[in-house]
Amino acid sequence: MIPYCSICWEDNKVRLLDQRLLPQEELYLEITDYHDIIEAIRTLAIRGAPAIGVAAAMGAALGALALKTEDPEEFKKSFAAICQEIAAARPTAVNLFWALNRMQDVVKAHPAEPVAALQERLVREAQVILKEDDTTNRHLAQHGQVVIKDGDQVLTHCNTGALATGAYGTALGVMRAAWEAGKRFSVWVDETRPLLQGARLTTWELGKIGIPYTLIPDGAAAALMQKGRVNVIIVGADRIAANGDTANKIGTYSLAVLAQYHGVPFYVAAPFSTFDFSLADGLQIPVEERAPEEVTRFRREILAPSGAQALNLAFDVTPNELITGIITEKGIARQPLISDIKYLRSAKD
Ligand code: MRU
């Protein structure tokens, strides 16, 4: 049992672990106003595609509860506006929009209900989205753990654990399931510049599970692969296009190129809620550009001369042909990815 949760709903409040402060401080924020959820998503107090989806749904539920009208039509209009506001928090992780669509579908499916009943349904739906994410990740992890063998050295990028999801994790969930199945292996953790999700969060989570890891600067991955010290790479995703092109934390694409050059299997682990079937390929995925100050300083520490130019693309897109397989809750899609993804998508849960 892991003694923390990234986000939960308690007494009509959202309780979330402030990931900006980890690993130094374990502080839970109690949020009652949906504007504070937007701020938490924007500033990465909560982050990781599935966790952003859960936070968006809970934010929408808070927004719905705050609406004072008893007129269902007015409620629907105001609720749609709240969802639109939340949708603008971050652009890349599609789980954000997926979760908000689910919340809006609840309202659409019950056109004749009074406001109080709709509010109750929305609060319940947000909790269902959280619960489902936990179950989905556990299935995904069971399917994926076969890619890890005893004695492997696994490499991962960014953070994809319980912190980045409703619970359990995606890529890190795969490692957790392999560990729980009795396999013994170790993990190279990319520090993941500029916000250090690997150094601050993945190490923290692996430590709690008890999986041995070694933290490395992002630039060290190539040398380790050259020396044959990486057996498999497993990363998460923020949005996957219909053809399997995958947006994930900046630096993922370079890992995939290196993996192909060195013959290392490269897996993406993500639930179907991270697929965007409206996009034929990854070129159309919107990539978030964040403030340059995140590159020129870390917290209060100044890292570059004043006035230094910096570019802060938060994600990159890995072309499908560099991906060995996509691990989902319905099984592993392998090359050729397009047909396997189609097949799994239509398969029963
Ligand atoms: O900017 P972040 O920290 O939200 O980016 C997170 C990632 O890129 C993760 O790899 C991805 O969301 C998958 S989380 C299970």
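The values are calculated or read from the model by the stated rules, or taken from the named source; none is laboratory data. Remember, it's a predicted structure, so these values are computed and weren't measured experimentally. Neighbour counts are summed over all protein chains in view; Cβ atoms, including those assigned to glycine, are modelled from backbone coordinates with ideal geometry. Each accessible area value is taken on the protein alone, full model and side chains, heavy atoms only, with ligands, DNA and RNA left out. Shrake-Rupley method; radii C 1.70, N 1.55, O 1.52, S 1.80 Å.
Quick look at the values:
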{"item": "Relative contact order of the chain, defined on C-alpha pairs under 8 angstrom at six or more residues apart (%)", "result": "16 percent"}
{"item": "FRET efficiency estimate (nearest 0.05) - Cβ-Cβ, Ser278 to Val257, R0 25 angstrom", "result": "0.40"}
{"item": "Positive-pole candidate from Gly207, Tyr4, Leu27, dipole of the chain, charges at beta carbon", "result": "Gly207"}
{"item": "DSSP bridge pairs, the range 144-346: antiparallel proportion in percent, nearest 5", "result": "40 percent"}
{"item": "Accessible area (Å², 1.4 Å probe, nearest 10) - His157", "result": "0 Å²"}
{"item": "The chain: calculated mean residue ellipticity at 222 nm from DSSP helix runs of at least 4, using -39500 (n - 2.57)", "result": "-12000 deg cm²/dmol"}
{"item": "Integer Hz, Karplus 6.51/-1.76/1.60 couplings in order for the range 299-312, x for Gly and Pro", "result": "6, 8, 7, 8, 10, 9, x, 4, x, 4, 6, 9, 10, 10"}
{"item": "GluC sites (Glu not before Pro) within the range 93-202: DSSP coil, no more than 15 neighbouring Cβ in 10 Å", "result": "none"}
{"item": "Arg297 long-range amide H proximity, modeled H, under 5 Å", "result": "Leu303"}
{"item": "Rel. contact order, % - alpha carbon contacts under 8 angstrom, at least six apart, the range 66-216", "result": "18 percent"}
{"item": "With DNA, RNA and ligands ignored, accessible area of Cys5 (1.4 Å probe; Å², nearest 10)", "result": "40 Å²"}
{"item": "Selected from Ala242, Pro114, Ala81, residue furthest toward positive end of dipole (the chain; charges at beta carbon)", "result": "Ala242"}
{"item": "Residues of the chain: accessible area per residue with a 1.4 Å probe, Å²", "result": "43 Å²"}
{"item": "R0 of 25 Å, Cβ-Cβ distance Arg184-Ile2: FRET efficiency to nearest 0.05", "result": "0.80"}
{"item": "Three-way shape label, the chain, alpha-carbon gyration tensor, a/c 1.5", "result": "prolate"}
{"item": "Kirkwood-type radius of the range 7-138, with distances r between different C-alpha atoms, in Å", "result": "14.7 Å"}
{"item": "Unit charges at the beta carbon, dipole of the chain: most positive-side option, Leu172, Ala49, Thr69", "result": "Leu172"}
